[in-house]
Each structure stands twice: as structure tokens, then as C-alpha cells.
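The values are calculated or read from the model by the stated rules, or taken from the named source; none is laboratory data. Bear in mind the structure is a predicted one, so any value in this text is a computation, not a measurement. Note that we place each Cβ from the backbone using ideal geometry, even for glycine, and neighbour counts take in every protein chain shown.
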Amino acid sequence: MNTEDKQQGQATSNATEKHGSPLSDIQELVGEIIEGVRPFAPKTVARFPRYDLVETADQYLLQFDLPGLSRDELEINTQGDQVTIAGDRKRPGLGTGEHVRRTERVFGQFRRSVRLPTDVEIEQVRARLTDGVLTVTLPKRSDRTGRKVDIES
């Protein structure tokens, strides 16, 4: 390696130490651009509200996290083999001089449909909202036991 190559290598090394690698500089710049544009980007469809489906011997429980919502802000419907939860989660107002710098919470209208297991007694579905958790109780049909089928001759 000649002296000129060594000097150029030394200069590149010094530049990398001061500013990082060219790739990390580009990544940092792209990150800053994305953060600057994000407040103006269209909202993506979120899988909200999130839920758990729990099964017991005689029922299923759908448990939705819905913090900050009251029962008057929610609508629950069953149709066919689905239950649908809909509502509108309003963004809290900001005070004078306040502005949002970053948001991860989901606001706005939502609708979430869940396909029901085949053995649900639709007419007996109940719902309760407690401490921001909506629990939809889906009783199982009592006629879900099997029976012996005779073979015709």
C-alpha cells in the first residue's frame, strides 16, 4: 500500500469516526424524513380493538380492550356467524399551547367483526363493560352433544 492510499484510508476513517458510516448517515436521514412526514401520512387500518377469545366448558368469552369508552359509545351486533363491535374513540382535546409530537394510540371510528364458533347460542349473547374491558359472553348451545345415527337398510 503506498503513502497516498494510506492517507486516503486515514481520511476515510476520520470521516467515518466524525459522521458515522455513509449507510448510517442515510438511515438517520431517512428516519428524520419519515418522522417529519408521519403526522401528515394517511392513517393505516389498525386491528383495533384487540381481543382475546377464551373458551370454557359452556361458553366463549370475547374480551376487547376499550380504554376510555363508555357503553353509550359502543354498538354490538350479531348477524349470521359474526359479532361486530363498533364505536368512536374520540381524541382528547389539547390545551392552549399544546400540540401532539407523537401518537401511538388509535382514535376515530372503528368496526371489528369476529367470526363466531358454530356452537354459539346467538339469542343468548350478553355484553358487559368493566374498567375498559368489554366482555361479550357467547353461550354454547346445549344441543351440541352428538347422537348415534342408525343405518337404514
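Quick rundown of the values:
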read-out	value
Residue check, T84 farther than 25 Å from L69 by Cα and in the same structural domain as L62 (by TED's automatic domain parsing)	no
Leading residue by the ranking (farthest from the chain's Cα centre (by Cα)) among those in the stretch 118-153 that are part of a strand (DSSP E or B) and of a type in the set (S, T, N, Q)	T137
Breaking point among (1) under 17 Å from Y51 (Cα atoms); (2) touching a strand residue (DSSP E or B) at 6+ places or on another chain (Cβ under 9 Å); (3) at pLDDT 90 or above, for P117	(3)
Listing of strands (runs of 3 or more DSSP E) fully contained in the stretch 48-117 that carry 1 or more residues being charged (D, E, K, R), surrounded by 12 or more Cβ atoms within 10 Å (Cβ to Cβ) and in contact with a helix residue (DSSP H, G or I) (Cβ under 9 Å, 6 or more places away or on another chain)	82-89
